[in-house]
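Novice: Would you mind keeping the following structure in view while I ask a few things?
The values are calculated or read from the model by the stated rules, or taken from the named source; none is laboratory data. Everything numeric in this text was worked out from a predicted model, so none of it was measured. Don't worry about glycine lacking a Cβ; one is built from the backbone with ideal geometry, like all the others, and counts go over all protein chains shown.
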2 protein chains.
Amino acid sequence: MASARVARLATVEADGRAHLVPVCFALDQDTLYSAVDAKPKTTTALRRLANVAARPDVTLLVDHYEEDWERLWWVRLRGRARVESSGPPLELGLSLLADKYPQYRRRPPPGPVLVVELNEARAWSASGPPG
Amino acid sequence: MASARVARLATVEADGRAHLVPVCFALDQDTLYSAVDAKPKTTTALRRLANVAARPDVTLLVDHYEEDWERLWWVRLRGRARVESSGPPLELGLSLLADKYPQYRRRPPPGPVLVVELNEARAWSASGPPG
């Protein structure tokens, strides 16, 4: 799943409802990095960061869909998130993201990065126990 | 987005963390239906239903990923969810899901269905205002 191109990040709003957004991500052992890119979704980006600051427990999902439902799978990750705006954690995150995504090499995101220390993983596969 | 094959459903757990699962869905105007299928993910299915019973406000995301990031888009939906285990709401939901997915026609899910009365939609597109 580390090679998956997109994950969905769920945070929890102040009003207790879930917030959901697709994210690009890079994994380094039990740490996941995601950039807030420079696209025109500023409100959403800020919401995500504010949610994480107030409630650092986040949930991520990577899933595979195809019309043969025997080949469906997903991995759900949980962890504690923090926002890093400068220094080595930001540089490491941006570097890992650039390694994975040529789009980030062409147009480096300014940061900040979201750093998630993963503490739980659950995998499901339609065809039986995941490898 | 009604034709998208998969959405991600976020509910909120009793402990305040988000729960996240991929779902197949059918839309009928402002109502979204999703089946709990008969696959071996019983614990997850039960979790989702228990979460909805305790906190009916759910969030769903449909997104499009491709390597040309100028073509990214997503739609985030919010609504009040309930679980329907019998009668016309279950039958309507299963019928709409069977219309959309041949997989459900071949192997009808037993139910229950999750019925979400949508009350908020937000769309984002990398290339500008969504159509």
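Novice: Looking only at region A:63-77, count how many residues are surrounded by fewer than 21 Cβ atoms within 10 Å (Cβ to Cβ), outside any loop (DSSP other than H, G, I, E, B) and more than 7 Å from every other protein chain (Cβ to nearest Cβ).
Specialist: Number of matching residues: 5.
Novice: Follow-up. Quickly run through region B:7-40 and pick out the residues that are buried (at least 18 other Cβ atoms within 10 Å of the Cβ) and in a loop (DSSP other than H, G, I, E, B).
Specialist: Correct list: B:Arg17, B:Cys24, B:Phe25, B:Val36, B:Asp37.
Novice: Quickly run through region B:109-131 and pick out the residues that are more than 13 Å from every other protein chain (Cβ to nearest Cβ) and touching an Asp or Glu at 6+ places or on another chain (Cβ under 7 Å).
Specialist: Across region B:109-131, the qualifying residues are B:Pro112, B:Val113, B:Val115, B:Glu117, B:Leu118.
Novice: Those residues that are within 11 Å of chain A (Cβ to nearest Cβ) and in a loop (DSSP other than H, G, I, E, B), I need them from region B:92-108; list them, please.
Specialist: B:Tyr101, B:Arg107
Novice: Only one residue in B:Ala81, B:Ala26 is at pLDDT 95 or above, more than 29 Å from A:Ala14 (Cα to Cα) and in contact with a Leu (Cβ under 7 Å, 6 or more places away or on another chain), so which one is that?
Specialist: B:Ala26
Novice: Can you name the number of the only condition in (1) part of a helix (DSSP H, G or I); (2) in contact (Cβ under 8 Å) with a residue 24 or more places away in the chain; (3) surrounded by fewer than 20 Cβ atoms within 10 Å (Cβ to Cβ) that B:Arg122 fails?
Specialist: The failed condition is (1).
Novice: Still on this model: Check off (1) part of a strand (DSSP E or B); (2) within 12 Å of chain A (Cβ to nearest Cβ); (3) surrounded by 17 or more Cβ atoms within 10 Å (Cβ to Cβ) for B:Ala45 and give me the number that stays unchecked.
Specialist: (1)
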